Structures are given as structure tokens and as C-alpha cells.
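Reviewing the structure listed below.
The numbers here are math on the coordinates, done by the rules we state, and not lab data. As the structure is a prediction and not an experimental result, all values here were calculated from the model. Every residue, glycine as well, gets a Cβ built from its backbone with ideal geometry; the counts of neighbours run over all protein chains shown.
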Amino acid sequence: MTADIDKLISKSNERLKFTGVAIKREGRRLVLRAKFPNKPNGAIADRLNLGWHATPELIKKSEAMARKISGEIDLGVFSWEDYLKDSPQLKKTAQNFNSAPLQNLRPLISPSAESKIITAREWAQKFEKDYFDRRDRNNKSLSTWQVEYHSVFKNLPDEPLTPELLKKLALSTKPDTRTRKKYCMCLGALAKFASIEVNLKPYRGNYGINSVKPRIIPEDIEIARFYHQIPHPAWKWVYGMIATYGLRNYEFFRIDVGEFLKNPHQCILTDSKTGARMISPYYPEWVEEFRLTEISLPNLNPERSNRDIGGEAAKYFKSIKCPFTLLPLRHAWAIRTLVFELDISWAAKMMGHSVEIHSKVYHHWISQKQMQAANQKAIANTSRPMPPIIKPSEPAPMINPYTDD
């Protein structure tokens, strides 16, 4: 029985891990542990004795009480007078917790705290602070925050964060889309951070690579022709690097220039979305044709986020009416490595993702024409396996059905 009680307490504390308050069992009684404000007599306190027996029902109510106290501490309205032994307020609160259904416990907040309820936007700010407290604030983490989280959280209203609000915002997006999937993931993370019980997984939908409309990948001849039409020298160099090395649209600022000039057949990225990596050129002849060793960078601040730099690149190529965006250049590089018969694990590593993502995403864009060319090349290979041939003059071997052979 004691082991079961301790398991329930452990599960409650898992849900409370971002609140700063935890439930502990002392003998047969439940207490709350937290960094409480000093008591009226100046004594430092880290424990509050609830005086409740350790039962499954009272553990649930202790969890609700922990959330209430966490909110009061955060808002600076926690008062020991409400919780000290023999306090009329404590007796009233205990009676309310003992008699109220669990779903009605959240409103049991003192009047002084009621006017300072943490809003959804304030929870998002707390989430952001915690996000960067646990990781370095660099181009990679800033880009992830802006693209994945901020794009969702900026739509939160200045209202109390509730399960109904989170569900409503998630369902405001189109079903079975990347946006719906992202909203459910980010809002679910926020709910967990704020200790709000809501399950958004059923609403994620069936978005996947097969849900995306087929992307038109330019042929290599088109890629090479457009290079010579780019008027700006720096953006011309950027285009050549993306086409030759399959870079993301901001990674031209993350190249180890010194190493690249020593050996342009090894492009080393020092800092990117998926960390440092080395890439080979496909085609290697484009290094010379596109004059890639004559490095010329756009007049941009390299300290800007990956998202901002990529946005500037996209804006420029749209302004000169490039017939395709920069992402298809990266897809074309991936497909080219397949035609070159490069091992898929090496191609995935150079692109900065897993083999699963590589085969699922990039092979999805292979056109019928490219598949046919690859098949013809495989069949024309003189070292390929050959079928067994039986000459007409040779009788077929007889098989005796009555033997074991």
C-alpha cells in the first residue's frame, strides 16, 4: 500500500516539476516542500504541513493545493497567515479542498491572487526564459525558438491559460497540416510547463511528407543557366554555394572560410541548425565554373539569426525573379548524390540529418525522369549481376519427385 502511495506522489511531482512545489510523505501525513517566503517571525521555511492523510484522493487535492500555492508565490501574494496552524483561512481552505470536486479546485485562490492570475502570454514569457536557461542562446537555438515556438505563442491572448483556450487555439489551424501539428506540439509543451492537464495529441492529424504537394525540382542545366543571370556578385556566389554543396539558405555565413580556401572540395560548416559538418561538392566542376573560391559575401550582419539571414536571401532571389526558390537547390543536390551513387548514410550526414529523414523527405522529390535515368544507368553497368542462361542444346535437369533431393 505504501509503495502505491509513493508512486502516486511521484507522478504528481512529475506534473508539478515546473511549479517549484513538491509533495512529500512524512509517515502517514502529506506535506508540501517549496522555497517559501520567510515566516512572520523571520524564520526560513521550506515545508508546509497540510495535516492530511496520505490517501489517493488527498494526494490529488494536495497537487491542486501545490498549484495554488505556486501561483501565489510567483505573484508575490503568498501569506503565511493563510496557512499557519489554527488559521481560520487554512481551516476554510482545507474544508473547501475536502468538499470540492477536483474539477472545481482551480478557482480556490485567495482574492488578492485572483486579480493577478498569470495570463497565457505571461506563461509563454516564463517558458521562453526557461527555454534559454537550459541551452545556449545562439543562432541555432534562436532560430528554433522563432520558427517553432514564437510563431505559435505570439497568437496567445492576454487571458488566463486554460485547457479550453489551448484546445481552441490548436483547432483554429487547418487539420492535417504542418501548422496544426506544430501548434499541438508547442501548446502541449506549454501546458506541461504550466502544469495544465490537456491532451492535444488526438488533434495533430495525419500530416506527413505525402501530404505535401509535389515540389518542382529544377534540372541541373536550369540551375547552371540561372547562375550566369544573377547580377549581384555576392548573391551570385551564395547561389553557387547552395547549388554546389546543398546548403540551407543561411549556411553560407557559417562556412569555415580558411579551410574552404585550402581545400574547396571540403566545405566545413562551423555552426548550423544541426551542428558542424563537412560537405563535398556535387558537381565538383561547379567549384571552378561558379568561381566559388572567389568568396564574396552579402552585406549582412552574420550575427543575425538563421531565420533572418535566410529571409534576406529569399527576398533577394524573389526580387530578381528566380524561377525557383533556394530550397529546391538543396533538394537537387540530394537527388544528385543518388545519381552519383553516394552511400545514403554519407549523403544524410553531409546534409545534417538522419538517414530516415533523408530517405523519407528527399527521395520523395525524385521525379519519374530521374528514376528512369538511374535505372538505365544501373542496367548499363557492366559489373551488374547477370541472369543464369540455359542453352537450348542442354537438356533441363530431371527432377525425381520420389526422392528427397
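How big is the C-alpha Rg of region 164-289 next to the rule-of-thumb value 2.2 N^0.38 Å, as a ratio?
This ratio for region 164-289 stands at 1.53.
Could you list, in their original order, any pairs among Lys140/Lys182; Lys35/Lys192; Lys181/Lys321; Lys174/Lys318 whose Cα atoms are separated by more than 23 Å? Walk me through the numbers before you get to the answer.
On the way: Lys140/Lys182 18 Å; Lys35/Lys192 21 Å; Lys181/Lys321 32 Å; Lys174/Lys318 27 Å.
Violating the 23 Å Cα-Cα cut-off are Lys181/Lys321; Lys174/Lys318.
As an exercise, identify the trypsin sites (Lys or Arg not before Pro) in region 213-250 lying in DSSP coil whose Cβ has no more than 15 other Cβ atoms within 10 Å.
Arg215
Report Rg(Cα)/(2.2 N^0.38 Å) for region 220-378, keeping two decimals.
So region 220-378 has a normalised radius of gyration of 1.00.
Quick check: from the Cα gyration tensor, does region 120-211 come out rounded (a/c under 1.5), prolate or oblate?
Details: a/c = 1.99, a/b = 1.18, b/c = 1.69.
Because a/c hits 1.5 or more and a/b fails to exceed b/c, region 120-211 counts as oblate.
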